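S.K.: What follows is a structure written as structure tokens; I'll ask about it next.
The values are calculated or read from the model by the stated rules, or taken from the named source; none is laboratory data. The structure displayed is predicted, hence computed values, not measured ones. Backbone-built Cβ (ideal geometry, glycine too); neighbour counts: all protein chains shown. Just so you know, the surface numbers come from the protein's heavy atoms only, side chains and all, with ligands and any DNA or RNA stripped out. Shrake-Rupley method; radii C 1.70, N 1.55, O 1.52, S 1.80 Å.
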Amino acid sequence: MASSLSPTTLSSPFLKSEFEFPSSKRTSSYSNSLSFFHTPSSLKHTIIIKASVSEKPLRPVTSVSAPKQITKLPIRKIPGDYGIPFITPFKDRLDYFYNQGRDEFFNSRIQKYQSTVFRTNMPPGPFIAPNPNVIVLLDANSFPILFDVTKVQKRDVFTGTFMPSTDLTGGYRVLSYLDPSEPKHGLLKRLMFFQLKSRRDHVIPEFRSSYADLFDQLESELASKGKASFNDANDQAGFNFLARSLYGSNPGDTALGRDGPKIVQKWVLFQLSPILKLGLPKLLEDSMIHTFRLPPALIKKEYNRLYDFFYASSGFILDEAERLGISREEACHNLLFATCFNSFGGMKLFFPNLIKWIGRGGMKLHTQLAAEIRSAVRSAGGEVTMAAMENMPLMKSVVYEALRIDPPVPLQFAKAKRDLVIESHEHAFEVKEGEMLFGYQPFATKDPKIFERAEEFVGDRFVGEEGEKLLKHVLWSNGPETENPSVGNKQCAGKDFVMLFSRLMVVELFLRYDSFEIQVKDSPLGSSITLTSLKRSSF
């Protein structure tokens with residue numbers, strides 16, 4: 001992705017591991033922050049945990065004046081319109097949530113306009129979002145422009161056409177809402193990189209400990225009731241893991257106790273309720289959460305409990321924040337958001353989906369995963385290490401495939417910085433400066449022009465050289481899987497951290513069990529998983 005940053009700020013300053021690679025895989029790129037972008041193909045998709053954060057002062061990011069785009073595709077006027085103000089956005093909202101549902105809302109318009117690029121209105125619309133007008137991008141060719149910060153700006157568009165009240169984040173616009181052109185963006189992202197680097201050695205042991213507790217609980221519940229709910233146990237294990245690994249603090253030993261996950265869920269609801277479907281009666285739900293905001297004052301007391309926990313647990317990170325020129329208070333609100341909304345929210349959404357897709361993969365896939373994972377761990381002396389996980393190509397592919405088919409953050413927004421030409425597979429479209437662009441990621445990452453059997457979960461899709469070529473179309477981290485987070489882009493600061501604990505989830509599951517069976521139901525936030533069988537490891 002192009003950028004106006006200096007080589008110093010173009011580094012990928014996240015977690016790179018201090019583990020030993022086999023000699024054939026060693027490369028000097030691990031000692032040079034800039035050369036990370038030239039990693040050999042054999043290492044491109046390695047989870048790397050060694051930070052290379054420069055101590056040089058940040059320079060403000062400035063936009064680049066790009067030459068006028070040239071396209072070989074025929075120019076087509078963007079089809080669709082926004083209709084009658086207030087009335088059409090309201091009708092579109094009802095279609096999106098109730099009359100059609102999200103996927104059919106987009107599919108029907110693709111068929112109507114014979115285009116994967118078109119104009120429509122996105123919820124929530126009136127009265128929460130005064131301008132619901134968006135240009136929709138629903139194919140793998142047009143979607144990636146949403147990540148190109150030389151062409152689009154990402155200020156206050158994290159949740160879409162509206163922004164939640166800053167009263168929900170201590171009065172601060174936190175990192176997710178900042179554009180890279182804002183000086184505070186680089187400072188806060190550096191702080192996140194610092195935290196991840198500082199705590200890298202705690203990730204694997206704390207994950208194994210927290211999720212051993214989860215599996216013990218599930219086994220006990222399964223033995224007594226004949227079934228076990230995965231989601232609630234996962235929420236508690238995930239929150240404990242994040243607190244222990246990133247902060248060295250056990251929530252159960254503090255005033256927060258076991259209340260963290262429930263408080264986070266309520267706090268997230270206050271931010272995202274305008275774009276959620278909770279399953280209440282249509283008119284009640286639409287008038288209550290899609291038309292007016294929930295008052296932040298109702299969650300303030302509970303949010304303060306979270307804040308107090310993170311402030312007390314973050315001393316060394318807050319010291320670094322002050323060194324960077326960020327107040328301890330602003331830093332703490334950002335740490336809370338990154339941990340609870342981004343990381344915990346991702347685990348809450350993605351882990352049930354991961355279990356769902358692997359569970360549906362059946363006995364053959366389970367047996368292959370168990371054999372591969374156990375063999376690699378045995379070869380590593382019985383230890384779960386990052387080096388061992390690099391020798392599990394099917395396991396890595398399964399995680400990529402789950403992120404492709406069911407990305408935890410499906411909606412992406414950006415505003416055009418200047419007049420643009422956007423290309424689908426068939427046409428080019430002219431976009432004016434300031435227009436809002438929107439992409440629904442599951443359509444882009446299930447584009448049949450890119451992926452064979454695009455609607456199917458194919459566990460070994462990304463195995464081998466040809467499979468790895470497809471990784472540039474895996475976009476869950478607010479950027480292609482083949483690119484890396486930096487202070488100059490909006491790619492998830494914890495991209496490699498998320499990939500690491502997602503892989504650990506699969507590893508722990510198949511070290512412990514040969515196979516499992518599940519029941520799946522939809523929920524407002526992803527899938528609800530009930531385990532009906534866990535077959536203990538037999539080899």
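S.K.: Cβ contacts < 6 Å: first residue under 23 Å from W357 (Cα atoms) and touching a residue at least 12 places away in the same chain (Cβ under 8 Å), restricted to segment 369-397; second residue crowded, with 16+ Cβ neighbours inside 10 Å and of a type in the set (F, W, Y), any location; separation 6+ or different chain. Result?
M.R.: Note: pairs meeting the criteria are L369/F510; A370/F510; I373/F510; S397/F462.
S.K.: Under 8 Å between Cβ atoms, which residue pairs at least 6 apart in sequence (or on different chains) link something in segment 171-192 that is under 18 Å from L336 (Cβ atoms) with a partner that is among the acidic types (D, E) and not in a loop (DSSP other than H, G, I, E, B)?
M.R.: Cβ pairs passing all conditions: Y172/E330; L191/E320.
S.K.: Then there is this: If we keep just the residues of segment 154-178 that are among the charged types (D, E, K, R) and open to solvent by 30 Å² or more (accessible area, probe 1.4 Å), which is nearest to I299 (Cα to Cα)?
M.R.: Within segment 154-178, the subset among the charged types (D, E, K, R) is 154-156, 167, 173.
Restricting the remaining residues to those that are open to solvent by 30 Å² or more (accessible area, probe 1.4 Å) gives 155-156, 167, 173.
Details: R155: 25, D156: 22, D167: 10, R173: 18 Å.
By that ranking, first place goes to D167.
S.K.: Can I ask one more? Looking at segment 312-323, can you tell me whether even one residue there is within 23 Å of L504 (Cβ to Cβ), touching a residue at least 12 places away in the same chain (Cβ under 8 Å) and open to solvent by 10 Å² or more (accessible area, probe 1.4 Å)?
M.R.: Yes; the residues of segment 312-323 include at least one that is within 23 Å of L504 (Cβ to Cβ), touching a residue at least 12 places away in the same chain (Cβ under 8 Å) and open to solvent by 10 Å² or more (accessible area, probe 1.4 Å).
S.K.: Let me ask something additional. Taking helices (runs of 4 or more DSSP H) that do not extend beyond segment 186-292, which have at least 3 residues that are of a type in the set (A, V, I, L, M, F, W, C) and either under 23 Å from S165 (Cα atoms) or open to solvent by less than 10 Å² (accessible area, probe 1.4 Å) (or both)? First the steps, then the outcome.
M.R.: Values: elements: 203-225, 230-247, 260-272, 282-285.
Hits in segment 186-292: 203-225, 230-247, 260-272.
S.K.: Take R305 and decide whether it is open to solvent by 40 Å² or more (accessible area, probe 1.4 Å), in a helix (DSSP H, G or I) and free of Cβ contacts under 8 Å to residues at least 24 places away in the same chain. Spell out how you get there, then give the answer.
M.R.: Details: open to solvent by 40 Å² or more (accessible area, probe 1.4 Å): yes; in a helix (DSSP H, G or I): yes; free of Cβ contacts under 8 Å to residues at least 24 places away in the same chain: no.
Answer is no for this residue.
S.K.: Give me the pairs: first residue in segment 494-516 and of a type in the set (S, T, N, Q), second residue open to solvent by less than 10 Å² (accessible area, probe 1.4 Å), beta-carbon distance under 6 Å, and six or more apart or on different chains, which are they?
M.R.: S502/V399; S515/H366
S.K.: Checking the conditions here, which among R93, R109 is in contact with a strand residue (DSSP E or B) (Cβ under 7 Å, 6 or more places away or on another chain) and modelled with pLDDT of 65 or more? Give the steps one after another, and end with the answer.
M.R.: Numbers: R93 fails: in contact with a strand residue (DSSP E or B) (Cβ under 7 Å, 6 or more places away or on another chain).
Criteria check complete, one pass: R109.
S.K.: Pick from K432, K472: which is without any contact (Cβ under 8 Å) to a residue 24 or more places away in the chain, open to solvent by 10 Å² or more (accessible area, probe 1.4 Å) and closer than 29 Å to G361 by Cα?
M.R.: K472
S.K.: Go through the residues of segment 90-104 one by one and say whether even a single one is in contact (Cβ under 8 Å) with a residue 12 or more places away in the chain, over 20 Å from I289 (Cβ atoms) and surrounded by 16 or more Cβ atoms within 10 Å (Cβ to Cβ).
M.R.: no
S.K.: How about segment 206-224: which of its residues are more than 10 Å from F241 (Cβ to Cβ) and without any contact (Cβ under 8 Å) to a residue 60 or more places away in the chain?
M.R.: The initial filter retains those residues of segment 206-224 that are more than 10 Å from F241 (Cβ to Cβ), namely 212, 215-224.
Scanning segment 206-224 gives D216, Q217, S220, E221, A223, S224.
Per-residue answers, yes or no, for (1) surrounded by 21 or more Cβ atoms within 10 Å (Cβ to Cβ); (2) β-branched (V, I, T):
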residue: P442; (1), (2): no, no
residue: F462; (1), (2): yes, no
residue: E466; (1), (2): no, no
residue: D496; (1), (2): yes, no
residue: V507; (1), (2): yes, yes
residue: S528; (1), (2): no, no
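S.K.: Looking at segment 383-403, can you tell me whether even one residue there is acidic (D, E) and in contact with a Ser or Thr (Cβ under 9 Å, 6 or more places away or on another chain)?
M.R.: Here is the first cut: in segment 383-403, the ones acidic (D, E) are 383, 390, 401.
Now narrow it down to the ones that are in contact with a Ser or Thr (Cβ under 9 Å, 6 or more places away or on another chain): 390.
Yes, that holds for at least one residue.
S.K.: Could I ask something else about it? Do we find that N342 is assigned to a helix (DSSP H, G or I), of a type in the set (S, T, N, Q) and touching a residue at least 24 places away in the same chain (Cβ under 8 Å) in this structure? Show your work before the answer.
M.R.: Working: assigned to a helix (DSSP H, G or I): yes; of a type in the set (S, T, N, Q): yes; touching a residue at least 24 places away in the same chain (Cβ under 8 Å): yes.
So N342 passes the test.
S.K.: Further question on the same structure: Please go through segment 85-109 and pick out each residue that is outside any loop (DSSP other than H, G, I, E, B), more than 19 Å from P126 (Cβ to Cβ) and within 26 Å of the chain's Cα centre (by Cα). Spell out how you get there, then give the answer.
M.R.: Keep residues of segment 85-109 that are outside any loop (DSSP other than H, G, I, E, B), which gives 87-99, 102-109.
Checking which are more than 19 Å from P126 (Cβ to Cβ) leaves us with 102-104, 106-109.
Result: R102, D103, E104, F106, N107.
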